[in-house]
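S.K.: To start, I am sharing the structure in question, which I have written as structure tokens.
The values are calculated or read from the model by the stated rules, or taken from the named source; none is laboratory data. All values derive from a computational prediction rather than experimental measurement. Cβ atoms come from the backbone with ideal geometry, glycine included; neighbour counts cover every protein chain shown.
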Amino acid sequence: MQRDSQIFDYIKQENKRQLDGIELIASENFVSEQVMEAMGSILTNKYAEGLPGKRYYGGCEVVDEIESLAISRLNELFGANWSNVQPHSGAQANMAVFSAFLKPGDKILGFDLSHGGHLSHGSPVNVSGKWFDANFYGVEKETGKIDFNKVANQIIDLKPKLVIAGASAYSRDWDYSTMRKACDQVGAMLLADISHPSGLIAKGLLNDPMKDCHIVTTTTHKTLRGPRGGVIMMGEDFENPFGFKTLKGATKMMSQVLDGAVFPGTQGGPLEHVIAAKAVAFGEALSDDYLKYAKQVKRNASVMADEMVKRGYQIISGGTDNHSMLIDLRSKDLTGKVAEAVLGQAHITTNKNMVPFDDKSPFVTSGIRFGTNAITTRGIDENGIVEIVNLVDEALMAAGNDSKLASIGEKVKTMMSGKPLFAH
Ligand code: DSN
């Protein structure tokens with residue numbers, strides 16, 4: 001068969017783009033060779049609807065071992081008692097949770113998308129907002145932080161069936177325990193979607209949602225540095241708001257309901273090649289090397305926020321506890337749309353983002369979001385971060401000056417040359 005040179009040429013071009021640039025998108029990362037090897041393997045040929053030991057197809061004895069290993073590594077990594085590693089993405093993982101425990105019209109409470117929340121937490125353009133009665137909490141105008149006591153009162157007043165803790169662009173830690181206490185008062189279920197900071201949580205660098213939240217979902221490709229995908233986990237046995245009689249019974253029943261909500265509820269056959277790659281990534285994340293990486297991601301983000309503030313940029317909430325930060329560009333008279341394009345001209349990749357109480361549309365926005373997870377994988381330390389912030393500032397101040405932006409782009413290429421995608 002003839003090689004598909006068109007597609008492989010494009011992949012080569014994308015490889016060069018990734019190597020030449022500075023990647024600051026907070027939801028991206030660079031996976032190891034062995035994660036890619038598993039993802040590109042013959043496991044893609046196999047149908048395996050069902051769960052290990054309970055499949056609807058023959059020939060699943062090997063993929064059963066792979067999926068069981070992925071589950072046990074994930075449980076060890078997060079201290080979970082049960083998990084399902086089949087969701088194709090974070091949104092699919094959340095969809096499975098909703099379809100397991102909610103009926104159309106049920107009340108849910110999530111973090112407002114325009115304050116840094118996620119589409120799948122009740123946005124009107126997503127099924128979670130179309131099918132359920134979606135309500136929102138946000139950050140305080142003065143501090144840019146969530147006031148968890150206020151959220152607790154909101155939970156008690158609203159009496160939702162499900163509360164979601166989690167964000168796409170929130171740089172502070174979460175008070176899961178205050179949220180849980182309020183949920184218990186009104187019989188609400190608490191779901192933590194830790195897609196962004198899950199790698200830092202796994203290594204104990206942020207609060208642990210597993211002991212307070214009924215269910216935890218995460219993507220596997222952000223700070224966790226695995227293949228693109230999602231998972232669902234449960235931690236301690238707990239007294240469930242939906243009337244199960246015993247603690248153990250509750251977890252077992254809920255896990256069966258959740259397994260069924262993934263398949264056949266919302267997905268068909270699992271992607272066993274991706275599940276194998278997830279298992280490889282979970283194995284990597286269990287290592288001390290990954291702990292060093294996660295600590296460096298956090299240090300790098302903290303230095304980046306400080307350096308941005310020194311140059312007059314306004315970080316929402318004033319700084320960061322995790323890998324990311326949201327920058328309000330109004331003090332620099334720039335929009336997120338312009339900043340994303342200008343930085344792109346200089347080979348610095350970012351995404352425009354709404355800031356809380358934004359007066360611009362989601363297509364323009366007043367903000368930009370940065371994360372240090374991807375550049376840290378390329379071996380960047382605190383000194384490199386200062387250099388990157390200088391390049392970012394230089395580029396933003398050169399908006400409209402194409403030749404200057406091209407010359408900053410050359411500096412970016414020089415800085416990143418010789419740095420493999422997966423160095424850490
Ligand atoms: N779109 C992802 C992000 O960038 O945060 C979340 O799904």
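S.K.: Looking at (1) hydroxyl-bearing (Ser, Thr, Tyr); (2) over 20 Å from the mean Cα position of the chain (by Cα); (3) modelled with pLDDT of 95 or more, find the lone condition where residue 377 falls short.
M.R.: Going through the list (1) hydroxyl-bearing (Ser, Thr, Tyr); (2) over 20 Å from the mean Cα position of the chain (by Cα); (3) modelled with pLDDT of 95 or more, residue 377 breaks only (2).
S.K.: Report yes if residue 296 is over 21 Å from residue 75 (Cα atoms) and either in contact with a helix residue (DSSP H, G or I) (Cβ under 8 Å, 6 or more places away or on another chain) or not hydrophobic (A, V, I, L, M, F, W, C) (or both), otherwise no.
M.R.: On the way: over 21 Å from residue 75 (Cα atoms): yes; either in contact with a helix residue (DSSP H, G or I) (Cβ under 8 Å, 6 or more places away or on another chain) or not hydrophobic (A, V, I, L, M, F, W, C) (or both): yes.
Taking the combined requirement at face value, the residue satisfies it.
S.K.: If we keep just the residues of segment 401-410 that are in contact (Cβ under 8 Å) with a residue 40 or more places away in the chain and surrounded by fewer than 17 Cβ atoms within 10 Å (Cβ to Cβ), which is farthest from the chain's Cα centre (by Cα)?
M.R.: Step one: list which residues in segment 401-410 are in contact (Cβ under 8 Å) with a residue 40 or more places away in the chain, which gives 402, 405-406, 408-409.
This time we only want the ones that are surrounded by fewer than 17 Cβ atoms within 10 Å (Cβ to Cβ), so: 402, 406.
Values: 402: 33, 406: 32 Å.
If we take residues in segment 401-410 being in contact (Cβ under 8 Å) with a residue 40 or more places away in the chain and surrounded by fewer than 17 Cβ atoms within 10 Å (Cβ to Cβ), then 402 is farthest from the chain's Cα centre (by Cα).
S.K.: Anything in segment 342-358 that is touching a strand residue (DSSP E or B) at 6+ places or on another chain (Cβ under 9 Å), surrounded by fewer than 22 Cβ atoms within 10 Å (Cβ to Cβ) and more than 24 Å from residue 146 (Cβ to Cβ)? List them, or say none.
M.R.: 349 - this is the single residue of segment 342-358 that is touching a strand residue (DSSP E or B) at 6+ places or on another chain (Cβ under 9 Å), surrounded by fewer than 22 Cβ atoms within 10 Å (Cβ to Cβ) and more than 24 Å from residue 146 (Cβ to Cβ).
S.K.: State all residues of segment 5-23 that are outside any helix (DSSP H, G or I) and away from the ligand (no atom under 16 Å from the Cβ); if no residue qualifies, say none. Before you say what the answer is, go through the steps one by one.
M.R.: Pass one, segment 5-23, residues outside any helix (DSSP H, G or I): 21-23.
Once the filter is applied, which keeps residues that are outside any helix (DSSP H, G or I) and away from the ligand (no atom under 16 Å from the Cβ), segment 5-23 yields 21, 22.
S.K.: Pairs, please: C-beta under 8 Å, at least 6 apart or cross-chain, first residue within 11 Å of residue 160 (Cα to Cα) and in segment 127-140, second among the hydroxyl-bearing types (Ser, Thr, Tyr)?
M.R.: Within 8 Å, the pairs are 134/123; 134/128.
S.K.: Which residue, of 19, 43, 51, 24, is modelled with pLDDT of 95 or more, under 18 Å from residue 228 (Cβ atoms) and surrounded by 12 or more Cβ atoms within 10 Å (Cβ to Cβ)?
M.R.: So the residue among 19, 43, 51, 24 that is modelled with pLDDT of 95 or more, under 18 Å from residue 228 (Cβ atoms) and surrounded by 12 or more Cβ atoms within 10 Å (Cβ to Cβ) is 43.
S.K.: Failed condition for residue 14, given (1) on the phi < 0 side of the Ramachandran plot; (2) surrounded by 15 or more Cβ atoms within 10 Å (Cβ to Cβ), with all others met?
M.R.: The failed condition is (2).
S.K.: Which is at pLDDT 95 or above, farther than 21 Å from residue 312 by Cα and of a type in the set (Lys, Arg), of 352, 419? Working first, answer last.
M.R.: On the way: 352 fails: farther than 21 Å from residue 312 by Cα.
On inspection, the qualifying residue turns out to be 419.
S.K.: Then there's this: When you check residue 125 against the structure, is it surrounded by fewer than 19 Cβ atoms within 10 Å (Cβ to Cβ) and not in a strand (DSSP E or B), yes or no? Explain how you work it out, then say what you get.
M.R.: Numbers: surrounded by fewer than 19 Cβ atoms within 10 Å (Cβ to Cβ): yes; not in a strand (DSSP E or B): yes.
Yes.
S.K.: Now a separate question. Could you check segment 201-216 and list, in sequence order, the residues that are farther than 11 Å from residue 165 by Cβ and either within 15 Å of the ligand (Cβ to nearest atom) or surrounded by fewer than 23 Cβ atoms within 10 Å (Cβ to Cβ) (or both)?
M.R.: Of everything in segment 201-216, those that are farther than 11 Å from residue 165 by Cβ and either within 15 Å of the ligand (Cβ to nearest atom) or surrounded by fewer than 23 Cβ atoms within 10 Å (Cβ to Cβ) (or both) turn out to be 203, 204, 205, 206, 208, 210, 211.
S.K.: If you don't mind, there's one more thing I want to ask. Looking only at residues that are within 16 Å of the ligand (Cβ to nearest atom) and not in a loop (DSSP other than H, G, I, E, B) in segment 147-177, which one is surrounded by the fewest Cβ atoms within 10 Å (Cβ to Cβ)?
M.R.: Among those that are within 16 Å of the ligand (Cβ to nearest atom) and not in a loop (DSSP other than H, G, I, E, B), it is 165.
S.K.: Give segment 308-328 a look and list any residue that's assigned to a helix (DSSP H, G or I) and surrounded by 24 or more Cβ atoms within 10 Å (Cβ to Cβ), or say none.
M.R.: So the first thing to find is which residues in segment 308-328 are assigned to a helix (DSSP H, G or I), and the list is 308-310, 316-318.
316, the sole residue that qualifies.
The rows are residues; the columns are (1) aromatic (Phe, Trp, Tyr); (2) away from the ligand (no atom under 16 Å from the Cβ).
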position	(1), (2)
25	no, no
29	no, no
47	yes, yes
52	no, yes
74	no, yes
79	no, yes
111	yes, no
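S.K.: Something else: Please tell me if residue 336 is small (Gly, Ala, Ser), over 25 Å from residue 31 (Cα atoms) and within 16 Å of the ligand (Cβ to nearest atom).
M.R.: yes
S.K.: Among 335, 376, which is closer than 25 Å to residue 298 by Cβ and either in contact (Cβ under 8 Å) with a residue 24 or more places away in the chain or surrounded by 15 or more Cβ atoms within 10 Å (Cβ to Cβ) (or both)?
M.R.: Values: 335 fails: closer than 25 Å to residue 298 by Cβ.
Residue meeting the stated conditions: 376.
S.K.: Quick check: is even one residue across segment 83-92 among the aliphatic types (A, V, I, L, M), within 16 Å of the ligand (Cβ to nearest atom) and either touching a helix residue (DSSP H, G or I) at 6+ places or on another chain (Cβ under 9 Å) or within 17 Å of residue 273 (Cβ to Cβ) (or both)? First the steps, then the outcome.
M.R.: So in segment 83-92, the residues among the aliphatic types (A, V, I, L, M) come out as 85, 91.
Cutting the leftovers down to within 16 Å of the ligand (Cβ to nearest atom) gives us 91.
This time we only want the ones that are either touching a helix residue (DSSP H, G or I) at 6+ places or on another chain (Cβ under 9 Å) or within 17 Å of residue 273 (Cβ to Cβ) (or both), so: 91.
Within segment 83-92, one or more residues are among the aliphatic types (A, V, I, L, M), within 16 Å of the ligand (Cβ to nearest atom) and either touching a helix residue (DSSP H, G or I) at 6+ places or on another chain (Cβ under 9 Å) or within 17 Å of residue 273 (Cβ to Cβ) (or both).
S.K.: For segment 65-89, what are the residues that are outside any loop (DSSP other than H, G, I, E, B) and either of a type in the set (S, T, N, Q) or touching a His at 6+ places or on another chain (Cβ under 8 Å) (or both)?
M.R.: First, pick out the residues of segment 65-89 that are outside any loop (DSSP other than H, G, I, E, B): 65-78, 82-84.
The answer is 68, 72, 75, 83, 84.
S.K.: Would you check if residue 101 is under 25 Å from residue 182 (Cα atoms) and touching a Phe, Trp or Tyr at 6+ places or on another chain (Cβ under 8 Å)? It would help to see each step written out before you state the result.
M.R.: Details: under 25 Å from residue 182 (Cα atoms): yes; touching a Phe, Trp or Tyr at 6+ places or on another chain (Cβ under 8 Å): yes.
Criteria met by residue 101.
S.K.: Related question: Find the residue count for segment 181-200, including only residues that are of a type outside the set (A, V, I, L, M, F, W, C) and surrounded by fewer than 24 Cβ atoms within 10 Å (Cβ to Cβ). Write out each step before concluding.
M.R.: We begin by selecting, within segment 181-200, every residue of a type outside the set (A, V, I, L, M, F, W, C); these are 181, 184-185, 187, 193, 195-199.
Subsequent filtering for residues that are surrounded by fewer than 24 Cβ atoms within 10 Å (Cβ to Cβ) retains 181, 184-185, 187.
So the count comes out to 4.
S.K.: Let me ask you something else. For residue 422, are the conditions met, namely being surrounded by 16 or more Cβ atoms within 10 Å (Cβ to Cβ), in contact with an Asp or Glu (Cβ under 9 Å, 6 or more places away or on another chain) and closer than 29 Å to residue 173 by Cβ? Give the derivation first.
M.R.: Values: surrounded by 16 or more Cβ atoms within 10 Å (Cβ to Cβ): yes; in contact with an Asp or Glu (Cβ under 9 Å, 6 or more places away or on another chain): yes; closer than 29 Å to residue 173 by Cβ: yes.
For residue 422, the condition - surrounded by 16 or more Cβ atoms within 10 Å (Cβ to Cβ), in contact with an Asp or Glu (Cβ under 9 Å, 6 or more places away or on another chain) and closer than 29 Å to residue 173 by Cβ - is met.
S.K.: Being assigned to a helix (DSSP H, G or I) and surrounded by fewer than 17 Cβ atoms within 10 Å (Cβ to Cβ) is the filter here; which residues of segment 379-394 pass it?
M.R.: Once the filter is applied, which keeps residues that are assigned to a helix (DSSP H, G or I) and surrounded by fewer than 17 Cβ atoms within 10 Å (Cβ to Cβ), segment 379-394 yields 382, 383, 386, 387, 390, 394.
S.K.: Which members of segment 262-303 meet the condition of being closer than 16 Å to residue 90 by Cα and of a type in the set (S, T, N, Q)?
M.R.: The answer is 266, 267.
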